[in-house]
Amino acid sequence: MKQKSFNKLSLVAVLLLFGISNAAVLPGYFELDSSPDPEGRLPSNSIIDIIPDDGTLWMGTSRGIAQYYLGGQGWFNIRSGEAIGTGGISALTVSDSIIWAATAFSEKTSAGTLPAGGGGGYSRNGGEDWIWLPQPVDPVDTEDYAPTTTNVQNVTYDIALSQESVWITSWGGGLRRLRYGSEEWELVTVDGQSFTALHNLNHRGFSVIYVKDALWVGTAGGISRSIDEGLNWEAFAFHEDPGHISGNFVTALAAQKSPTIPDHFNIWAATWKANDPKEYYGLSVSENDGASWRIALSDSTELQPGEYLIDRYGPLHVHNIGFGGDSTVYAAADGALWFSQDLGHTWAPLDEIYDPTTGENFRNVDFFSAVWEETSDAIWVGTNAGLAEGRFNHDTGTFSWRIHRSFKPAGVDGTPNTYAYPSPFSPKRGQLTRFQVPASSSISAELKIMNFNMESVYSSGSMLLPGGGTNEMSGYGAIQWDGRDSDGDLVANGVYFYRVKVGSNTWWGKVMVLD
């Protein structure tokens, strides 16, 4: 099979999205109308995975699966609880017309609120029909290994399709395979030991890819590779000597076509610090099937003389890895999208993305996914605040951006005539809020902000911004506020009233500042 994507997301990105506490959808067969909706829009601003597929983009979001048609036909969305499990998408892979996905949600337990697996399923015809399966669990009376008997803390974080099987990884459930034509999941350990996720870090699975007849698995105990469908394994782990990975907690794996060796792939891994005090957060790459590893990016990467990555961004938490062209690498991480044009030997951070058309920006956001798509000749970036589409100008060495966000136009389908988004928002983190109002064009508007005593704090006049991109609230307006008063000082925390005047129309609303 030819898989459309080898880049895989990390579990932490998934954990950030769990906001639904509900039972999983019952397993079975489901049929959907898969035609795109020209008036559709991005279902969620949290996008953990993006996979290009023949002129479209498949996205795993916190509210289901989205397919975006790059030709302008619109969106096809599969919302959580319809044909797929309840909760956010925790894993997604696409191979030609075959789609596999898994979901996860939050479950209240006696030990507190914990992540739970919502099961997994597949479509053989591009998302029209779905078969949904329950989260794999073991019989309570299992004696030859420590069974996983619940879906709580048993979340599918990654999926890979090999020649013979579907492979999934989870913290509590470990590495499991479903042979094509079978209905039973089989438990596989990468070290041949009896399974016990509680006591063996190598049995806690987080990432998996299949490329060129090799299966690569990332666990909390390092990386393992099999070239015979899981019968035998080769292990790679942290060591303080050069040539090894930076840490054993492997949250993401990706395969990049080698620009120098025909029919060969470089293996990239997000290698986080596990339990050895000498381990550290990094991005590791092997160009020789794991025989040796190079630390391409880490906490100690020097950004400028005397300033290191950890000083500006904190520990390097890479969630996903993407590629563009022969030598370009993207590392989606907390606080920045890291960008390299020389196979990871030098890097630049993209920590702010600005859309001049809408005035939207991404600042102080976490980046979950990044992939280059050939048809649009663009890098597509998923964050916890929306979707960005970037094109690189080789002459200037800069990107031009469009930002897509998920929010409804004002005054349509029961939506209020005005509302603030986001609210609350944090000006200290560089966030802006938008006051949405109904408008047929980008015309002049007046904004006034008042405190709880109805004293004027800020006022301005500007043109209403467009809604946010093709087929997404086109023709609807918004005006922004950065949380500063008329003197340019940040306002105090609290609730503020706003008034927007457009022609003869006036709208009132509230917004909360929370730093």
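Residues that are of a type in the set (Lys, Arg) and at pLDDT 85 or above, at least 1 per element: which strands (runs of 3 or more DSSP E) completely within the stretch 10-109 meet that?
Counting at least 1 such residues, we get 98-109.
Hey, does the stretch 236-258 have a residue that's crowded, with 20+ Cβ neighbours inside 10 Å and modelled with pLDDT under 95?
No, the stretch 236-258 has no match at all.
Would you check which residues across the stretch 411-446 are of a type in the set (Gly, Ala, Ser) and either farther than 18 Å from Met463 by Cα or modelled with pLDDT of 80 or more (or both) and list them?
Within the stretch 411-446, Gly411, Gly414, Ala420, Ser423, Ser426, Gly430, Ser444, Ala445 qualify.
Please enumerate the residues belonging to the stretch 40-59 that are closer than 12 Å to Gly386 by Cα and out of contact with any Gly (no Cβ under 8 Å at 6 or more places or on another chain).
If the condition is that a residue be closer than 12 Å to Gly386 by Cα and out of contact with any Gly (no Cβ under 8 Å at 6 or more places or on another chain), then Arg41 is the only one that fits.
So that you can scan it fast, the table gives a plain yes or no per residue for (1) out of contact with any strand residue (DSSP E or B) (no Cβ under 8 Å at 6 or more places or on another chain); (2) surrounded by fewer than 17 Cβ atoms within 10 Å (Cβ to Cβ); (3) in contact (Cβ under 8 Å) with a residue 60 or more places away in the chain:
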| position | (1), (2), (3) |
| --- | --- |
| Ile98 | no, no, yes |
| Glu107 | no, no, yes |
| Val140 | yes, yes, no |
| Trp171 | no, no, yes |
| Leu178 | no, no, no |
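Scan the stretch 353-364 and report the pairs whose first residue is of a type in the set (Ser, Thr, Tyr) and whose second residue is part of a strand (DSSP E or B) and surrounded by 15 or more Cβ atoms within 10 Å (Cβ to Cβ), with Cβ atoms within less than 7 Å and a gap of 6+ or a chain change.
Tyr354/Asn361; Tyr354/Trp401; Thr357/Arg402; Thr358/Ile403; Thr358/Leu465
Find the residue count for the stretch 265-300, including only residues that are outside any strand (DSSP E or B) and either of a type in the set (Ser, Thr, Tyr) or touching a residue at least 12 places away in the same chain (Cβ under 8 Å) (or both).
So the answer is 15.
On the given criteria, is Ser286 among the hydroxyl-bearing types (Ser, Thr, Tyr), modelled with pLDDT of 95 or more, within 24 Å of Asp263 (Cβ to Cβ) and buried (at least 20 other Cβ atoms within 10 Å of the Cβ)?
yes
Kindly establish whether Glu287 is acidic (Asp, Glu), over 28 Å from Gly172 (Cβ atoms), assigned by TED's automatic domain parsing to the domain that holds Phe323 and within 27 Å of the chain's Cα centre (by Cα).
Here the answer is yes, as Glu287 does meet what is asked.
Tally time: how many residues in the stretch 197-235 are in contact with a helix residue (DSSP H, G or I) (Cβ under 6 Å, 6 or more places away or on another chain) and either surrounded by fewer than 19 Cβ atoms within 10 Å (Cβ to Cβ) or without any contact (Cβ under 8 Å) to a residue 60 or more places away in the chain (or both)?
The number of residues fulfilling the criteria is 4.
Of the residues that make up the stretch 389-399, is at least one buried (at least 20 other Cβ atoms within 10 Å of the Cβ) and either of a type in the set (Gly, Ala, Ser) or closer than 30 Å to Asn493 by Cα (or both)?
yes
Counting only residues that are assigned to a loop (DSSP other than H, G, I, E, B) and of a type in the set (S, T, N, Q), which one in the stretch 301-332 is surrounded by the fewest Cβ atoms within 10 Å (Cβ to Cβ)?
Ser327
Of all the residues that make up the stretch 334-388, how many are among the charged types (D, E, K, R) and either assigned to a strand (DSSP E or B) or under 23 Å from Thr251 (Cβ atoms) (or both)?
Summing the residues that are among the charged types (D, E, K, R) and either assigned to a strand (DSSP E or B) or under 23 Å from Thr251 (Cβ atoms) (or both) in the stretch 334-388 gives 6.
Are there any pairs, at least 6 apart or on different chains, whose C-beta atoms fall under 8 Å, with the first in the stretch 37-49 and within 13 Å of Trp380 (Cα to Cα) and the second at pLDDT below 85, and if so, which?
Here the result reads Ile48/Leu9; Ile48/Ala13; Ile48/Val14; Ile48/Leu17; Asp49/Ser5; Asp49/Asn7; Asp49/Lys8; Asp49/Leu9, each pair linking the stretch 37-49 to a residue that is at pLDDT below 85.
Could you please find all residues in the stretch 481-515 being surrounded by 14 or more Cβ atoms within 10 Å (Cβ to Cβ) and of a type in the set (D, E, K, R)?
Those that are surrounded by 14 or more Cβ atoms within 10 Å (Cβ to Cβ) and of a type in the set (D, E, K, R): Asp482, Arg484, Asp485, Arg499, Lys501, Asp515.
Name the residues in the stretch 480-496 that are within 12 Å of Ser459 (Cα to Cα) and not in a loop (DSSP other than H, G, I, E, B), would you?
Gln480, Trp481, Arg484
The values are calculated or read from the model by the stated rules, or taken from the named source; none is laboratory data. Because the structure is predicted, anything quoted here is derived from the model rather than measured. Cβ: placed from backbone, ideal geometry, glycine included. Neighbour counts: every protein chain shown.
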